Amino acid sequence: DTGEVEEGGEYGNYEVIEERMERRKERVQSTCRDTRYKYHPQQYCHNLYQFNELGITWCPVFKGGSTTWRNYFIDRFVPSHPDDKRSYELNHLQQRQLKTGQKQNKPSGSVRQEYKIENGQNTRFTVIRHPYSRLVSHYKSVRKPNEVHMFRGFWMLAAMERARAHQIPREKRAPYKQEYNTYVDWLKDQNGDPPTHSEDNPYFDPPHTKFPEMVDAMMWARKKGNDWDGHWKPASEFCNICSNQIHLIALLEEEPLELWYLTDRLGLWEDRATFLNRENRSERKATEMREVWDLIEALSPDKKQFLDRTFDIDFRMTGYDRQRPS
């Protein structure tokens with residue numbers, strides 16, 4: 001109960017958490033030096049948002065609690081008309097985004113990148129999560145009907161086609177694909193009964209992407225240099241963590257304590273309940289990770305090697321387990 005925790009009380013004794021945060025920051029800096037890390041030059045590399053009024057700058061790592069933080073900032077800073085339904089999209093904050101063209105020249109010897117519209121004294125922060133937990137969370141989301149409709153044209157149908165088309169006689173491939181597209185079109189509004197389809201149509205077994213198919217989509221996107229999907233992008237790439245120097249890096253798995261600390265340090269203590277509305281008991285976390293490891297271990301060796309390489313910097317920076325703990 002957030003009402004039972006007072007500032008400076010039990011959760012205000014932050015020595016252990018501060019030491020942990022400092023070790024984490026040192027580990028990040030060490031990884032940047034040792035690997036000479038160069039970020040993947042894609043859309044989210046400078047995905048930082050300044051809130052100079054609060055003295056903070058936020059790096060939203062998708063599937064790491066970013067939705068809660070995004071909605072909080074939109075509610076607080078984006079005006080809405082009383083008759084309008086509140087819309088929660090990150091582009092509502094784009095005027096606060098620190099973009100490449102806003103970079104300032106670094107002083108001699110400095111490794112921290114500064115931006116013209118950001119208060120140089122802002123505390124930069126982010127919340128991250130185990131890379132494979134983020135990945136599985138995204139996989140579970142894209143199985144929902146509205147997500148199937150949204151992601152079909154981006155990567156989902158292509159991934160399903162690569163994996164399943166060989167099961168279909170050549171003369172049936174186009175009709176079976178059309179059956180599936182008709183079904184996905186119906187998903188948007190779900191008016192009337194669902195359209196019928198051939199019983200042996202593999203696009204309906206199941207009617208959404210499988211986990212190996214999603215990893216295959218990642219592999220294709222990286223290979224083509226068109227990896228735009230932030231839901232599976234390594235956390236280290238979101239904000240070019242080596243150049244932009246994030247001050248506070250909290251782990252989602254360590255809530256509530258690290259989120260108590262974060263809200264206190266950021267001056268958001270009075271709003272702490274907003275960020276701690278996700279039930280996160282230890283037994284639930286263990287259950288979630290068992291499912292994650294089951295899915296990862298069932299992948300083919302080439303896909304497991306791909307994920308290990310893709311998230312290598314994240315593993316180095318955070319110390320997350322690469323394999324199921326014994």
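The values are calculated or read from the model by the stated rules, or taken from the named source; none is laboratory data. Remember, predicted model here, so these are calculated numbers, not experimental data. Cβ atoms come from the backbone with ideal geometry, glycine included; neighbour counts cover every protein chain shown. For accessibility, only protein heavy atoms count, side chains too; no ligands or nucleic acids. Shrake-Rupley method; radii C 1.70, N 1.55, O 1.52, S 1.80 Å.
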Any chance region 213-229 includes a residue that's free of Cβ contacts under 8 Å to residues at least 60 places away in the same chain and in contact with a His (Cβ under 7 Å, 6 or more places away or on another chain)?
-> no
What pairs come up if the first residue lies in region 131-157 and is farther than 19 Å from ASP321 by Cα and touching a residue at least 40 places away in the same chain (Cβ under 8 Å), the second is part of a helix (DSSP H, G or I) and not hydrophobic (A, V, I, L, M, F, W, C), and their beta carbons are under 7 Å apart, counting only those six or more places apart or on different chains?
-> SER141/GLU147
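For LEU307, are the conditions met, namely being buried (at least 17 other Cβ atoms within 10 Å of the Cβ), part of a helix (DSSP H, G or I) and in contact with a strand residue (DSSP E or B) (Cβ under 9 Å, 6 or more places away or on another chain)? It would help to see each step written out before you state the result.
Working: buried (at least 17 other Cβ atoms within 10 Å of the Cβ): yes; part of a helix (DSSP H, G or I): yes; in contact with a strand residue (DSSP E or B) (Cβ under 9 Å, 6 or more places away or on another chain): no.
So LEU307 does not fit the description; no.
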Which residue, of ASN146, ASN191, ASN91, ASN181, is among the polar types (S, T, N, Q) and under 30 Å from ILE241 (Cβ atoms)?
-> ASN91
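For VAL136, state whether it is β-branched (Val, Ile, Thr) and open to solvent by less than 20 Å² (accessible area, probe 1.4 Å). Explain how you work it out, then say what you get.
On the way: β-branched (Val, Ile, Thr): yes; open to solvent by less than 20 Å² (accessible area, probe 1.4 Å): yes.
Criteria met by VAL136.
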Does any residue of region 134-148 turn out to be among the polar types (S, T, N, Q) and within 30 Å of GLN50 (Cβ to Cβ)?
-> yes
Can you pull out the residues in region 139-188 that are assigned to a helix (DSSP H, G or I), open to solvent by 50 Å² or more (accessible area, probe 1.4 Å), over 30 Å from THR67 (Cβ atoms) and of a type outside the set (D, E, K, R)?
-> HIS166, GLN167, ALA174, PRO175, GLN178, THR182
Kindly establish whether PRO60 is modelled with pLDDT of 90 or more and under 21 Å from the mean Cα position of the chain (by Cα).
-> yes
Helices (runs of 4 or more DSSP H) completely within region 207-266 that count 2 or more residues being surrounded by fewer than 20 Cβ atoms within 10 Å (Cβ to Cβ) = 211-224, 257-265
Does THR100 fit the bill of being farther than 24 Å from TRP293 by Cα and buried (at least 18 other Cβ atoms within 10 Å of the Cβ)?
-> no
Pull up region 63-80, narrow it to residues that are of a type outside the set (Lys, Arg) and over 17 Å from LEU276 (Cα atoms), then point me to the one that is least open to solvent (accessible area, probe 1.4 Å).
-> ILE74
Filter region 118-133 for residues that are surrounded by 13 or more Cβ atoms within 10 Å (Cβ to Cβ) and not in a strand (DSSP E or B) and give the result.
-> GLU118, ASN119, ASN122, ARG129, HIS130, PRO131, TYR132, SER133
